[in-house]
1. For the pair B:Asp176 and B:Arg197, what calculated FRET efficiency results from E = 1/(1 + (r/R0)^6), where r is the Cβ-Cβ distance and R0 = 30 Å, to the nearest 0.05?
2. Leaving out ligands, DNA and RNA, what percent of the accessible area of the range B:95-344 is carbon and sulfur, probe 1.4 Å?
3. Just how far, in whole angstrom, is the range B:284-322 from the range A:312-337 if you go by their alpha carbon centroids?
4. Between A:Gly51, A:Gly89, A:Gly63, which gets the highest mean-square fluctuation from a Gaussian network model of chain A, Cα cutoff 10 Å?
5. For chains A and B, what's the summed buried accessible area, probe 1.4 Å, to the nearest 100 square angstrom?
6. In square angstrom, what is the accessible area per residue of the protein assembly as shown with a 1.4 angstrom probe?
7. What's the FRET efficiency of A:Asp77 with B:Val339 using the Cβ-Cβ distance as r and R₀ = 30 Å, to the nearest 0.05?
8. If a/c stays under 1.5 just call it rounded; otherwise compare a/b with b/c (prolate if a/b is bigger, oblate if not). Do that for the range A:100-167, with a ≥ b ≥ c from the square roots of the Cα gyration tensor eigenvalues.
Amino acid sequence: MKSPAADPAGAADTSGAPAAPLLSVRDLSVTFHAHAEVRAVNGISYDLGAGEHVGLVGESGSGKSAGALALVRLVPDYAEIEGQVMLDGVDLARLTERELRDVRGRRVGIVYQDPFSSLNPVLTIEKQLTEVVRRHSRVRAGKARAEAARLLESVGVPNAAERISDYPHQYSGGMRQRAVIAMAVSPRPALLIADEPTTALDVTVQAQILELLQDLTSEHGTTMLLITHDLAVVAGITRRVMVMYAGRIVEASSTEDVFTRPAHPYTVALHRSLPRIDERRERLMTIEGQPPDPSRPIAGCPFAPRCSARIDRCTMEDPPLMTVPTARRAAAEGWDRRMIREQDGGALFPGPAAPQLTACWNPPPPAEGSPDE
Amino acid sequence: MRWFILRRLSLMPFVLLGMTFITFVVSQLIPIDPAAAYLGGRGAVHTDEAEQNILNALNARWGWDRPILERYWIYLTNLTKGDLGEASNTLRPVTTDLAKVVPPTIELVLAAMLAALAIGIPLGVFAASRKGRFWDEGFKVVSTLAISVPVFWLAIVGFTIFYGRLGWAAGPGQLDIFTRAPPAVTRMVVLDSIIARRWDALWDALHHLAYPALLLGTVIGFYFARVVRSEMVEALESDYVRTARGKGLKRSLVLYRHGLRNAIIPMITLSGLAFGSLLTSVIVIEHVVGWPGLGEYAFRAATRLDLNGIAGVVMVISLAYVMVNLAVDLLYTVADPRVREGMGT
Ligand SMILES: Nc1ncnc2c1ncn2[C@@H]1O[C@H](COP(=O)(O)OP(=O)(O)OP(=O)(O)O)[C@@H](O)[C@H]1O
Ligand code: SF4
Ligand SMILES: [Mg+2]
């Protein structure tokens, strides 16, 4: 398996060769004990190298936010988290709430999905910025305010010195998201979780925000987990992509591979749902059918009801993540899990040096689904 | 903002005009003869000529025999001179009476309000931060009881226990009969004691104030706490509180600065609405503990059908309503920047 090459758009992160993992997630599950029991994240494992930019892509409801926010336990009380979350050798899942407070913001910054609700409506931007500065750098109030103004300026809010005393409702969506980004990067976190940072914004603003995120993270060598439901967003920003479906990672590839030779029928379907410029009209196809009800356990592949490549084994056994060559042979030669693992040299999960992985008994052939090139 | 206040205040005369008119009409509809009530009777059939003479004299003295509109007109012309007429129940000008009975009530209401806030807000925040757990469930039961038990019953039972049995509460009135009252400046005894540096009187005044203020404060406090709790629960599930937690902020900052600052906004309106029931409770409590305030006065004026006295009380209460509503709106604009902007500060 060749090592992941530069991504198609050419403007990749500059971190170069894979570094030692900053974050190691093992068997992370998130279950909401609401009126129904919802297993939003179902045993995912992955590594993020220091300074890496990695995309996490999937439909709405696939568990992207739950999986990412659970890393720092930023979920409601009724959510149960299982698994291991090693950040720099410390298992965040075993920290107390008080200990986690020093990790949140300081080590892990978060940019949220909806800038219209993620800022406190009754506090000024200045207050909300200053409090994070003061929390993590212990400076005097006056200095913290100056730092807040500098931060707001650095994320490109025009007229920052004046606009800093505004309330969130006086900001546009893009400016709010810039303010949230300023709060997230202020303590120089090692990991930045960007949870669909542009979904709620106008198309024109989206590119600017993505560029800002990329600049800020490259500048400080920050690791970024960029969550999106839109494959186009990760192109040109991340080196690797993890595709999530129904609370699992179903494919992990270099960004190039995801575009040129997707290894999972769901990824192929995601491509079809992208607006295509090479066609006369921009067409937005959504994937037919519904994702499975997360409150019900599924036997077999969760994508099976919507999959056109479905074979017999799909409805009987849930496919594990495996290399593509192994996946191609596993179903045909009737390999069980143990043999699959043997073939791949152990259980595989996405990471800086991992090969292209797919959780599918019948992965698409190389040509199918690749964009016309 | 200034225009907003002026506009509100300019409505005040119309409110008073309306309220006094309604009071006159309603008191006219009551099938009791004020003269008979004055004598302590209840509209008896007056066959006795001597008795009839007395009634006639009384009617002439107080003008009760004149047509309602004429009486209302006289009342209004006097009102413009700041004269509210004479109270048939005390034989003193109503303004003199009010100047005496209003300050003690303000004192009691303020103390009760302070107690209610001091009890209600932390309690609501506490329950919300433990939503669904033991203390929250306990809070739900106790607060439901506290707001559904009738205040008059609670006041009497409480007084029997705390004054009668335990002797913790002070006796009736604002001061002990053996305590020399401080010179009346504000007529709020606590304040007057401080002004006169009479610490013995201050201690005694606070002791007397404690029972009615704490009882009222507890009842209203539980009402506040329920509102704070439900608003806090909502706020704590909001995205901005998640953002605050995601910054690594301390729990107290998340709860109070981010949660409560938002949860308190609807509380302002609700405490304005609660003002009405607060007044009702005050009248009841004053009667139970013999607090020489507006409630006691209203009670006496009503039972003696003292029309001027009643009209005076109604006027004070309507004024208070207008002021409270104004205060609510002003507080609202302070608490919620989105409203502040809409008013063109
Ligand atoms: N607070 C919650 N209580 C109960 N269920 C929840 C909660 N939050 C998320 N879920 C459920 O968990 C599943 C995953 O939700 P999540 O928000 O992680 O999806 P997502 O991939 O981020 O989607 P989106 O693109 O819409 O943000 C969904 O089925 C959702 O209904
Ligand atoms: S395992 Fe089967 S059903 Fe699932 S994606 Fe692959 S082919 Fe489709
Ligand atoms: Mg999400």
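1. Numbers: r = 19 Å, r/R0 = 0.62.
Here the calculated transfer efficiency is 0.95.
2. Working: 8030 of 11570 Å².
It is 69 percent, rounded to a whole number.
3. Their Cα centres are 86 Å away from one another.
4. Judging by the Gaussian network model, the answer is A:Gly89.
5. Values: alone 17570 and 19000 Å², together 34260 Å².
What A and B bury together is about 2300 Å².
6. On the way: 34260 Å² over 718 residues.
About 48 Å² of surface per residue is accessible.
7. Working: r = 32 Å, r/R0 = 1.06.
Using R0 = 30 Å, I get an efficiency of 0.40.
8. Because a/c hits 1.5 or more and a/b fails to exceed b/c, the range A:100-167 counts as oblate.
The values are calculated or read from the model by the stated rules, or taken from the named source; none is laboratory data. All values derive from a computational prediction rather than experimental measurement. Reconstructed Cβ throughout: ideal geometry from the backbone, glycine too, with neighbour counts over all protein chains shown. Heavy atoms of the whole protein, side chains included, go into the accessibility calculation; ligands, DNA and RNA do not. Shrake-Rupley method; radii C 1.70, N 1.55, O 1.52, S 1.80 Å.
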